[in-house]
């Protein structure tokens, strides 16, 4: 039985995909990672972390996405909530769809 309001899958951020986009742009830029990091507003270590699929703060991920001219939401997957069978609340009487599982 699924516990009410418990996420089926937690929210995630795909740093690996962001890194796959970032690394070629850094190489193409040609100024070096430290100079690019200064221009972006992060550290060179932050860029290395992202390129290796490791997490950084939300502000740093947004700064990198702004520099790449992509939406930071492109790499975000929201939590998926499971429907509870214990209560009626939240389910459609016509379709049986869970209101919060969109």
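So here's what we get for this one:
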read-out	value
Pairwise label distance in nanometres, residue 20 with residue 57, each label 7 Å out on the Cα-Cβ vector	2.8 nm
Cα gyration tensor category, rounded, prolate or oblate, for the range 11-78 with a/c compared to 1.5	prolate
Added length on full extension, which subtracts the Cα-Cα distance from 0.36 nm per residue, residue 45 to residue 8	10.0 nm
Gain in span if fully extended, residue 34 to residue 66, counting 0.36 nm per residue against the direct Cα distance	9.8 nm
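Just so you know, all these numbers are worked out from the coordinates, no wet-lab data involved. Note that the coordinates shown come from a computational prediction; the quantities given were computed from them, not determined experimentally. Here the Cβ is made from the backbone with ideal geometry for all residues, glycine too, and neighbour counts use every protein chain on show.
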